[in-house]
Each structure stands twice: as C-alpha cells, then as structure tokens.
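Coordinate-derived values only; no laboratory data. Because the structure is a prediction, the values reported are computed rather than measured. All Cβ positions, even for glycine, are placed from backbone atoms using ideal geometry, and neighbour counts span all protein chains on display.
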Ligand SMILES: Nc1ncnc2c1ncn2[C@@H]1O[C@H](COP(=O)(O)OP(=O)(O)OP(=O)(O)O)[C@@H](O)[C@H]1O
Ligand SMILES: [Mg+2]
C-alpha cells in the first residue's frame, strides 16, 4: 500500500531550490533564473536547469544538489534534472544582472531577487587590502597567500588579485592552475580551498612566458581584474598582491576602488624600511589608508630552543609602524617551511598550523579583520 501524498507545486520546488548556489557564481540558481521548465506528474518531477556554458566543469555538482533538494520534498517519488545551456541572450542577461543591471523576471513571477552589486558598486561591502612593500622580495606574495588562507580558515570569504603582471607568483603559492571560465566578457575567478583567485598567470599559455606589457596595458589588466571578474558580492576581503615598486599600480587601485586600504610588508633592516616608507607615502598621495605594518623575515631560529639569529637586522617593522603612526601587526620569522609551502602551493598556515610563523600570520589575519570588520549579511551561510 502506498501512502500517496499530493504532488509538490512549482512554488514549493523553486523554494526548495532557492538555497542551491551556482558553485562558481556564488548565487542562488533560482535568483539567477537558471531553473527553467518545471514539470510535475504524479510525484515525478522534471526540471530543466540552464548552465552558463556548455563545458561547465561543475555540472555534476549542480545536478546532484538539485536532485537532492527536490527529492527531500514530501510527495516526490522521482526527479529528473535536465541540464541545458543558456543561449547568448540569456547569458548576457545574467551578466547584466551580476553587474547590477536590470533583473530578468523571476521564474515564479514573485518578488524580484535583491539587486546585485559588483566591487565597483557604491554599496559594495568587500574590504579591499593592497599588500605593498617598496623593495622587492620582502615577502609580499608569501604574506598575501598565507593571509588569504588564514582568513579562509577563519571562515571569511576571501579573494586574491595577483597584481604582479610581470612576475605573478600567486598561482604557484596557492597551488591553483587552470583557465577561468568566461561568461561573455565576465571572468569567473579560480578557487583554491575556498579562496577566489585571479592572476594574469591563468591567462598565459605557460608560466614561463614573459609578459612585455607597457604601463597602460598593465593598468587595463588590473582594471579588468577588478571590474570584469565576478568576485561575488558576498566576498568579504579582497587582497591585492602588488608588484615591487608600486606607484602606478597603487594609483590604479586607488582610482578604481577609492575605499581600499594598504598593508605594508618590510624586512627588519633599515634599507627596507626607508623604501617601505615610500610605499606608504604613495598610499597617502592616493588617499589609501595604511592599516598596519607586517615585518617579515624577523630572525631565524636554526633549531627549536637555539638562539635566534637576526639575519636581516632588527626592529625595522616597529620603527616603520612608529613613523607611520600605524600598528605593527606581526613579526614573521624566517621559516624554511614557509618558503617550501610557497613553492609547492600549500600555504604554511594550512600545513603547519602550529609553527611560530603560522601563528603570527593567523594573528595578523585576525588583526586585519578586527581593523576592517565586514557587515554580516542576511544571506549568510547558503552553501549548495
Ligand atoms: N618568512 C619567510 N621565511 C622563509 N622564506 C620566506 C619568508 N618570506 C618569504 N620567503 C621566501 O622569500 C622569497 C620572496 O618572497 P615573496 O615572493 O613572497 O616576496 P615578494 O615581496 O612578493 O617578491 P616580489 O617583490 O618579487 O614580488 C620566496 O621564495 C619566499 O618563499
Ligand atoms: Mg611578489
């Protein structure tokens, strides 16, 4: 004997699917108007879900999530998910929607979804932090990669822009390779352990390729990374790894994202400090707030308990912070595993959470978050 329940309504199905997100776009597939045909017959549900591109690498993930949600509705006996692909017009409508343009009618004809925003929108709540030094090779990229990983470990939604167009190193340090999905003119960042990442390295034929770009092209590439990449308006922190000698790039960031902040990395020796001061001066000129100083390579302890050797001098971070009137957020020791982690794409804070360098990096991440808190959103916690 079967206990027949009435079939679910179209509205019930859409409601059940509202929590399913497109894994790349980080938005509800219902809000994005990806759920199209819905047919229900005697407990049999057939839905058509339109993907953005035919080669969508996450089609299985979406199909499984949809099946699971619908199956959980009382009265459903079986589910068939048909995956289709948006045509050009539908894709353009989606991109307009993600950029904050007009919204397509929602499939249930009910209230339209909330207006969406990009990084450039007035109401964007994403905190943008540029990681700068003055001198090259002091550890900006290492600090950026590990701060991003530390923030992600603390449950923050974080992204990284590798603004070092000539010498990109973020893909290697975060262990992320591949090509970003492009939906018309919009690029979807790649992800590594939940960190959204964009680098010129993803767009190059191979890593060893030299980029011979002039200033204006550099500017354009960075503006593209800011405005044409779908960071998602749930992104809380966006870290920008700057190249050494940061004048032009800081200017581009300050012009494009006027509310961004700067974190300055220095080594302990006086030469690095005086160059780092120039980066801070630049920040001041372009009206970016310096939120703190991080000292890197602050001494080396050859073995546990052995005396620390100040390979690169001492006290530079404290001095610089004093001069700038900002806090010293941490002193990161020299750690072989930190360098190895950068080379192998496994951030130290993940692989060696208890190492002294990791503890400092995680503390720096928390101090940055405390200094730049984000507003919590009503839509928190929606995971497919
Ligand atoms: N605290 C540390 N202990 C050991 N090695 C480190 C540390 N910080 C950075 N390194 C290593 O030093 C090298 C330079 O670091 P990184 O590339 O992060 O510097 P950068 O400031 O981004 O350089 P560039 O100016 O070229 O962009 C890398 O090989 C990195 O792994
Ligand atoms: Mg670098």
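Listing for the model above:
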{"read-out": "Residue 42-residue 19 pseudo-label distance in nm [points 7 Å out on the Cα-to-Cβ vector]", "value": "3.0"}
{"read-out": "Rg/Rh ratio calculated on Cα atoms of region 283-379 (Kirkwood radius)", "value": "1.04"}
{"read-out": "Rounded Å value of the spacing that divides the Cα centres of region 251-285 and region 125-166", "value": "14"}
{"read-out": "Nearest-0.05 FRET efficiency for residue 121 and residue 287, computed from C-beta distance (R0 22 Å)", "value": "0.65"}
{"read-out": "Centroid-to-centroid separation of region 49-98 and region 176-200 [C-alpha atoms, Å]", "value": "20"}
{"read-out": "Surface/4 estimate of mean projected area, convex hull on alpha-carbon atoms of region 10-98, nm²", "value": "5.3"}
{"read-out": "Pairwise FRET efficiency - residue 336 versus residue 59, Cβ, R0 = 45 Å, nearest 0.05", "value": "0.60"}
{"read-out": "Pair-distance profile P(r), taking every C-alpha pair of region 163-313, with 10 angstrom steps and integer %", "value": "10, 33, 34, 18, 5, 0"}
{"read-out": "Tilt relative to the chain, helix 356-371 - C-alpha long axis, 0 to 90 degrees, to 10", "value": "70"}
{"read-out": "Net length gained if the chain between residue 366 and residue 11 were fully extended (0.36 nm per residue, minus Cα distance)", "value": "123.6 nm"}
{"read-out": "Debye intensity ratio in log₁₀ form over the Cα atoms of the chain, taken at each q of 0.09, 0.12 Å⁻¹", "value": "-0.58, -0.92"}
{"read-out": "Rounded to 10°, Cα long-axis angle of helix 88-98 versus longest principal axis of the chain", "value": "50"}
